[in-house]
1. Out of 129, 60, 73, I need the residue that is modelled with pLDDT of 95 or more and in contact with a strand residue (DSSP E or B) (Cβ under 7 Å, 6 or more places away or on another chain). Which one?
2. Condition test on residue 241, is it over 30 Å from residue 364 (Cβ atoms) and either outside any loop (DSSP other than H, G, I, E, B) or in contact (Cβ under 8 Å) with a residue 12 or more places away in the chain (or both)?
3. From the list 689, 729, 751, 715, exactly one residue is surrounded by fewer than 20 Cβ atoms within 10 Å (Cβ to Cβ) and in contact (Cβ under 8 Å) with a residue 40 or more places away in the chain. Which is it?
4. Can you tell me which residue is farthest from residue 824 (Cα to Cα) among those in the range 855-873 that are over 59 Å from the mean Cα position of the chain (by Cα) and surrounded by 12 or more Cβ atoms within 10 Å (Cβ to Cβ)?
5. Name the residues in the range 765-800 that are farther than 20 Å from residue 3 by Cα and surrounded by fewer than 20 Cβ atoms within 10 Å (Cβ to Cβ), would you?
6. Take residue 198 and tell me if it is within 20 Å of residue 549 (Cβ to Cβ), out of contact with any helix residue (DSSP H, G or I) (no Cβ under 9 Å at 6 or more places or on another chain) and in a strand (DSSP E or B).
7. Can you tell me which of (1) crowded, with 21+ Cβ neighbours inside 10 Å; (2) touching a helix residue (DSSP H, G or I) at 6+ places or on another chain (Cβ under 6 Å) is the one residue 165 doesn't meet?
């Protein structure tokens, strides 16, 4: 055994041993020592995008996963934890554009780099199950299931209004539109209606909502976010009649506030609404406004906050109940993609309509009243639109006096009688548009024929393989210019045709990869029966930023697979854990040209006050001040990333792992600290030094299990300390509070290090047990040093390799104190303490307290009137 702790040597040796034994390969038929099937446990972290660089934030995430794997394996589970790569997407195209290389080359290079960076951490990944979503053997099944959904009407094609960059010739997400311009080209973004493919997630909206009740192992916050996103509402679809060219037509709107129908003072329609297009034919002012709206966002969130703009059309529709004329306005806050592109405007009871009406001087008619509240059009009051208040209708004719629900029922019935409305349940959730005018993604398996229209690619021709040698040049999708790939024969008529050049949204790739991990080598389908063994997943770990879209799409995709008979479960994830971010100090300097330069920590010298608090910093380069930017999420853009290689080279992987667990509760953000990492390294070094000094003693000592001989007070006290800490650590492992697990291990070691009773009765046995419990408790967090010391201290012949050693069991009998330390007061003031047997009677406790020299001194010549004993806590001597 080495005298001093060398983490690099220890970790290299231990990892070589793990690799040689292929110890992390998961098998469905795993048996316990008695030959019985082990219960399974599937733990998985959300797969990363292969950006090329790991930082300590990644280390924290994957260590959480790894700790859970090792703990459950020791508890007797058959555990699997795989890893893969979310390898398609826009970042690869952007990198390829700047580096003038194919996205495939950049992506595969990054995957290799990131695997190499993960390896020194000793993570327990089963790499035999590795998945890369950009590989044809994976994305062929995206295509296959898409075609099945197309056959069943779950997938379909329709036109969509999108943000279009006329320079990059591509669709932009809402967040890529900055002040009306494309984030990369700077071109003025246009709204454009183009065809695209959709997945009918709304067909599953009610089930997705109902099944949230099953997900008791999910954070309540995430369930609420999904519930809000699905957004079930009960309302009324109603129609405003009008005539156009002598033909009767209806303008349809959906509202959850049918009780306010008598307060409608205008109707607002989207700029893309067919009625708006018709009315603008001979109106240059309307045409100009519609053109202006075409440059705006298609985001519902942006609609709520943007400046309200609109123009009157001079055209009127009829109120569905009164028949009175209601003017139609074209407004920028109405989206064609939501509902039918029209809203009934009730300014008195809708804040958005109120702001619009105030701006343009439109009528504001109160129809809802609350007892004790006064209505005014001077300013918006929250109660005007509050559905939770006890309201009644006013200024509503026959409906006056009705409460909210009675009014909705009565108005809905009146509308239905006229054939102009009906009750309807709707969802905020919209169908999932998966078409992307991008190259680096799953090809949509459709062929566009001038005679037959869109034709599905036959199953026998799957996968439609994406060419990997194309290099984007910023002028649109390279697939559209790749004739060798694009030009094909129509499968239906045999004529000349073209492949669909849109690719699938990358959320498709991440919607089922965790199921492919279960049977990654299956060639006959998406999954096989092995998925029914491992799924549903027992623990999913990932960031809160994925709470809605990724998790919702994964739930939807699973239900579709179930309905096609591919899997037998309704929900993919039993438990969800959303980890906090790792933060680090950042430093910057504002430059004269308006840009901000960020500095790496090793580029600055921090200045501290007399209490050790940072008060300033200077650049080592020029000695001039830089700004302390505070603690921020680790990111390359702010130069505050801490790379694992640097920490591992200096302190070792176990220090990196232990500190990111010790830094704070895993579900909360935590700050990286170099001094904290150094402190963790010192702890591990002390454990090694102690083991080296006591190795012969530990090896020679008999095992304490089953020991029935005499045991000294010192030995019993050590066992009590160790078992108490073990009980707390086991509880904290179960609730993923790994920061306090590390604390418990430190407490164990301090008790072991302070133990001086090894020559007393049972002392050697107690010490050996304590060492074995410490190593097993610390092992999931710091597996290399504990694996090495487990062998060096002779535990393998007794209990096998630590990776499969049984989790230690704490004993209530051992924890139970054999002696009690009681504080003693004299007339309510603390004067001393006594040590008594845990079984001592009150008479024995009274006698010991009165015999204590300190008590005698403070009682003096006074008479003891009473001795009050508070069980297991204190004794109060009352003397006068």
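The values are calculated or read from the model by the stated rules, or taken from the named source; none is laboratory data. In this text, all values refer to a predicted model and were calculated from it rather than measured experimentally. Glycine gets a Cβ as well: all are built from the backbone with ideal geometry, and neighbour counts include every protein chain shown.
1. 73
2. no
3. Every option except 689 fails the conditions.
4. The extreme case among them is 862.
5. 796, 797, 798, 799, 800 - these are the residues of the range 765-800 that are farther than 20 Å from residue 3 by Cα and surrounded by fewer than 20 Cβ atoms within 10 Å (Cβ to Cβ).
6. yes
7. (2)
So that you can scan it fast, the table gives a plain yes or no per residue for (1) farther than 21 Å from residue 49 by Cα; (2) at pLDDT below 95; (3) surrounded by 19 or more Cβ atoms within 10 Å (Cβ to Cβ):
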| position | (1), (2), (3) |
| --- | --- |
| 523 | yes, no, no |
| 531 | yes, no, yes |
| 539 | no, no, yes |
| 548 | no, yes, no |
| 552 | no, no, yes |
| 571 | yes, no, yes |
| 583 | no, yes, yes |
| 600 | yes, yes, no |
| 613 | yes, yes, no |
